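Input: a single structure, listed below in structure tokens.
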Amino acid sequence: MKVEKVELQKLHSAQVDIAKAFQQYKKVVIRCGRRFGKTSLLERCAAKWAYNGEKVGWLGPKYKLNAPTYGNLIHSVEVQDRPADPAKERWPRRVLDA
């Protein structure tokens, strides 16, 4: 059985702590500065959840603000090695934290 390997962006130590909190708690409040990497962290988490088959929503005040993030998410979960006919061959897609 073929399993795809997906590489997600690396997190700094404080982002790793927040990512672990997502696994432990249903709701997480993130209070940090404007250059902390909140969007990058949440893009990574959303990509991982989407790739693992979970439903992900991304809300924002304007399309213009959401468009770059949406593009990043699509790019990070897109399959690089697609079979010629996706209906004929399916393999599990899982993103695992190292």
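The values are calculated or read from the model by the stated rules, or taken from the named source; none is laboratory data. Quick caveat, the model's predicted, so the values are computed rather than measured. Positions of Cβ are backbone-derived with ideal geometry, glycine not excepted, and every protein chain shown enters the neighbour counts.
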Does Lys10 meet the test of being part of a loop (DSSP other than H, G, I, E, B) and surrounded by 10 or more Cβ atoms within 10 Å (Cβ to Cβ)? yes
Go over the candidates Arg94, Arg90 one by one and state the one that is modelled with pLDDT under 55 and under 28 Å from Lys20 (Cβ atoms). Arg94
Scan region 35-68 for residues that are within 24 Å of Ala14 (Cβ to Cβ), hydroxyl-bearing (Ser, Thr, Tyr) and either modelled with pLDDT under 90 or part of a loop (DSSP other than H, G, I, E, B) (or both) and report the count. 1
Among (1) at pLDDT 85 or above; (2) in contact with a helix residue (DSSP H, G or I) (Cβ under 8 Å, 6 or more places away or on another chain); (3) within 21 Å of Glu7 (Cα to Cα), Gly71 falls short only on (2)
